[in-house]
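The values are calculated or read from the model by the stated rules, or taken from the named source; none is laboratory data. Predicted, not measured: the structure shown is a model, and the values here were computed from it. Note: ideal-geometry Cβ built from the backbone for every residue, glycine included; neighbour counts use all protein chains shown. Heads up: the accessible areas ignore ligands, DNA and RNA and are worked out on the full protein's heavy atoms, side chains in. Shrake-Rupley method; radii C 1.70, N 1.55, O 1.52, S 1.80 Å.
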Amino acid sequence: MIEIPAHLPHRFPFLLVDRVLEREPGVRVLAEKLVTNGEPYLQGHFEGRPLVPGVLMLEMLAQAGGFLEADSLHGAAIFLAGVQDARFKAPAFPGDRLRLEVCAEGAFAGLMKLRGTVSCEGRELCTAALLVKRL
Amino acid sequence: MSDLKLRVKEMIIERLKLEGMTPDQMDDGAPLFGEGLGLDSIDALELVLGIEQVFGVKIEDEAAGMKAFKSIQALTDFIAEHSKA
């Protein structure tokens, strides 16, 4: 199984992928994020009613997308270049086991397009297309 | 306007959401990037994906892209040439 900190440069409190379950570089990644009450952003989003910010679900998909790259991203410069057709269908709460599925749709000139879905217990919470740029 | 060129223009308008633009407003000879339609690198990727999906033609690398994206005429010619498999 892939060693997450060895592959992604992200760290607490911004590492948003806990496990990589399936991985075919350049094609598809299936990863997981377990949402706990200890997540720093839940303290204020919102007081007394914690739910995962939608933009962080996009970030989870982007980080999961990092595992489409065959090699470790340490030292590599990969940036989010665009988000298209983002839909937030239902919120994610503490205790949720989020399934992050990302598929590569195509690439051209250092730019890659990904399709991602965040789901929980078979229910889609968020879908989006992400564009990532490798410099 | 040839049928293929019209389909190419329609694909560009749809894929890049160039709302309000019609095929006959698009200059066949104008460059797609920079001046002309003024597209950027994300638009280029969208076009590469659209061309593959609609016409079954792959633009493999930047060299092929440079050639194909010179103008709408060049793109139409590129698709015509490569779809004759």
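Considering only alpha-carbon pairs that sit under 8 angstrom and 6 or more positions apart, the relative contact order computed for chain B is 34 percent. Note on A:100-106: average number of Cβ atoms from other chains within 10 Å of each residue's Cβ is 2. Structure remark: mean-square fluctuation, Gaussian network model of chain A, C-alpha springs under 10 Å; the largest value among A:ALA64, A:ALA109, A:ALA77 belongs to A:ALA109. Work through the residues other than B:ILE72 whose Cβ is under 13 Å from its Cβ and net out their charges, Lys, Arg +1 and Asp, Glu -1. Result for the local shell: -1. In the context of the full set of protein chains, residues of chain A present 50 Å² of accessible surface per residue (probe radius 1.4 Å, heavy atoms only).
Applying 1/(1 + (r/R0)^6) with r as the Cβ-Cβ distance of B:LEU18 and A:ARG87 and R0 = 22 angstrom yields a FRET efficiency of 0.45. Evaluating 6.51 cos²θ - 1.76 cosθ + 1.60 at θ = phi - 60° for every residue in segment B:19-25, the Karplus couplings come out as 4, x, 8, 10, x, 6, 8 Hz, glycine and proline recorded as x. Against the compact-protein benchmark of 2.2 N^0.38 Å, the Cα-based radius of gyration of the protein assembly as shown scales to 1.19.
Restricting to DSSP loop positions (anything but H, G, I, E, B) with no more than 12 other Cβ atoms inside 10 Å of their own Cβ, which trypsin sites (Lys or Arg not before Pro) remain in segment B:1-31?
Loop-located and lightly packed - B:LYS17.
Annotation for A:ALA70 and A:ARG11: the two label points, set 7 Å from Cα along the Cα-Cβ direction, are 2.9 nm apart. Residues in chain B average 56 Å² of solvent-accessible surface per residue, probe 1.4 Å, ligands and nucleic acids excluded. Solvent-accessible area of B:ASP28, all protein chains in place: 50 Å² (probe radius 1.4 Å, heavy atoms, ligands and nucleic acids excluded). One Cα centroid belongs to segment A:65-135, the other to segment A:1-53; the line between them spans 12 Å.
In this structure, the residue pairs whose Cα-Cα separation is over 22 Å, taken from A:LYS133/B:LYS5; A:LYS89/B:LYS17; B:LYS5/B:LYS67; A:LYS133/B:LYS9, are A:LYS133/B:LYS5; A:LYS89/B:LYS17; A:LYS133/B:LYS9.
With a 1.4 Å probe and every protein chain kept in, tell me what percent of the accessible surface of chain A is carbon plus sulfur. Reported share for carbon and sulfur atoms: 54 percent. Protein-only accessible surface at a 1.4 angstrom probe places the residues A:GLU32, B:GLU10 in the order B:GLU10, A:GLU32, largest first. Among A:ARG23, A:ARG115, A:ARG123, the largest mean-square fluctuation in a Gaussian network model of chain A, built with springs joining Cα atoms closer than 10 Å, belongs to A:ARG123. For the chain pair B and A, buried accessible area totals roughly 1000 Å², probe 1.4 Å, rounded to the nearest 100.
For segment B:32-48, a drop of 10 Å² or more in accessible area on going from the chain alone to the assembled protein chains (1.4 Å probe) is found at B:SER41, B:ILE42, B:ALA44, B:LEU45, B:GLU46, B:VAL48.
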